[in-house]
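The block underneath contains the structure these notes are about, expressed in structure tokens.
The values are calculated or read from the model by the stated rules, or taken from the named source; none is laboratory data. The model shown is predicted, which means the values in this text are computed figures rather than measured ones. Cβ sites come from the backbone with ideal geometry, for glycine too, and all protein chains shown count toward neighbours.
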Amino acid sequence: MKGRVCGFQSMGAVDGPGLRCVVFAQGCPLRCAYCHNPESWAADGGYAVSVDELAAKIERLRPYIIKNGGVTLSGGEPLMQPDFAAALFRELKARGCHTALDTSGACGTRGAAEVLRCTDLVICDIKFTTEEDYARYCGGSLAPVMEFLALTAEMKKPLWLRQVIVPEINDGAAEAARLGELARGFANLERLELLPFRKICAAKYEKLGIAFPLKDYPECPTERIAELQRAAGIRRP
């Protein structure tokens, strides 16, 4: 089984528990205004790689990740390639690896159940909590995301829910409170995280010749994140 990926990180520390190998799947149905990986958008971009090739690469790093870490499949949107994602996770589980799926949920439930069966942790960037904002800033719909999240709850998969906070767009206390209320509706929720918008990705847009939609927006101050965490009712783990 082969899939398309756009990158591999050997020692990720923010993509799930512990030290992790992170595989970045190629292709994404969204065009989020603050996307950090625009090189991952095109479904035919990146490069082809087999499950066996990835598993062998990860195996060499096993001593570093096996104790408290694991492997995270991110993107792009990994659920655009559900058969590849499921095959990779089945192989990794057979090797005793902890698996995390880092997804937007934008593909809904199509092919998701098979992937989730061999997923230990779901990390979902919900992005926005209203259809209007989701369409405006991501070019998609919130409805399939909610369907996907409902499936994770039905299958009792541990869930980390995330949202990137962009000043002047979604940095209000009311938005944070709405997110907190939505998140508490999922019995499988383990963690709710607010991430500050950063513009480190701007160089990627310039290299690709793509306009960065939020180039004139300020980055989000760390202290504002702390305020919004309180508004959302977040208790740090």
Check your understanding: Is at least one residue of the stretch 148-162 in contact (Cβ under 8 Å) with a residue 40 or more places away in the chain, within 14 Å of the chain's Cα centre (by Cα) and part of a helix (DSSP H, G or I)?
Key -> yes
Review point. Tell me, which helices (runs of 4 or more DSSP H) lie completely within the stretch 1-110 with 2 or more residues that are surrounded by fewer than 18 Cβ atoms within 10 Å (Cβ to Cβ) and within 13 Å of the chain's Cα centre (by Cα)?
Key: none
Point to revise | Complete set of residues in the stretch 207-222 that are of a type in the set (A, V, I, L, M, F, W, C) and surrounded by 10 or more Cβ atoms within 10 Å (Cβ to Cβ) | key: Leu208, Ile210, Phe212, Leu214, Cys220
Study note, to complete from the structure: Within the stretch 173-229, residues being basic (Lys, Arg) and farther than 30 Å from Met155 by Cα number 6
Check your understanding: Inside the stretch 131-142, can you point out the residues that are free of Cβ contacts under 8 Å to residues at least 40 places away in the same chain and of a type outside the set (D, E, K, R)?
Key -> Tyr134, Ala135, Ser141, Leu142
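Checking the conditions here, which among Val122, Val145, Val115 is assigned to a strand (DSSP E or B) and of a type outside the set (Phe, Trp, Tyr)? Spell out the reasoning first.
On the way: Val145 fails: assigned to a strand (DSSP E or B); Val115 fails: assigned to a strand (DSSP E or B).
Going through Val122, Val145, Val115 in turn, the sole match is Val122.
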Check your understanding: With (1) out of contact with any Lys or Arg (no Cβ under 7 Å at 6 or more places or on another chain); (2) modelled with pLDDT of 95 or more as the list, and Ile200 as the residue in question, which single condition is left unmet?
Key -> (2)
Practice item. Kindly check whether there is at least one residue in the stretch 211-230 that is assigned to a helix (DSSP H, G or I) and under 27 Å from Ala150 (Cβ atoms). Key: yes
Practice item. Kindly establish whether Asp133 is at pLDDT 95 or above, acidic (Asp, Glu), assigned to a loop (DSSP other than H, G, I, E, B) and over 17 Å from the mean Cα position of the chain (by Cα). Key: no
Exercise for review: Under 8 Å between Cβ atoms, at least 6 apart or on separate chains: pull out the pairs that start in the stretch 116-128 with a residue that is at positive phi and end on any residue that is assigned to a strand (DSSP E or B) and buried (at least 21 other Cβ atoms within 10 Å of the Cβ).
Suggested key: Lys127/Gln163; Lys127/Val164
Revision key, fill the gap. Arg191: passes all of (1) within 26 Å of Cys6 (Cβ to Cβ); (2) assigned to a strand (DSSP E or B) but (1)
Exercise for review: Identify all residues within the stretch 178-206 that are small (Gly, Ala, Ser) and surrounded by fewer than 16 Cβ atoms within 10 Å (Cβ to Cβ); write none if there are none.
Suggested key: Gly185, Ala187, Ala202, Ala203
Exercise for review: Within the stretch 10-30, track down each residue that is closer than 16 Å to Glu59 by Cβ and touching a Cys at 6+ places or on another chain (Cβ under 9 Å).
Suggested key: Ser10, Met11, Cys21
Revision key, fill the gap. Checked the stretch 147-168 for anything surrounded by 17 or more Cβ atoms within 10 Å (Cβ to Cβ) and either among the hydroxyl-bearing types (Ser, Thr, Tyr) or farther than 24 Å from Val22 by Cβ (or both); matches are Thr152
Review point. Does Gly70 count as closer than 15 Å to Val122 by Cβ, touching a residue at least 12 places away in the same chain (Cβ under 8 Å) and touching a His at 6+ places or on another chain (Cβ under 9 Å)?
Key: yes
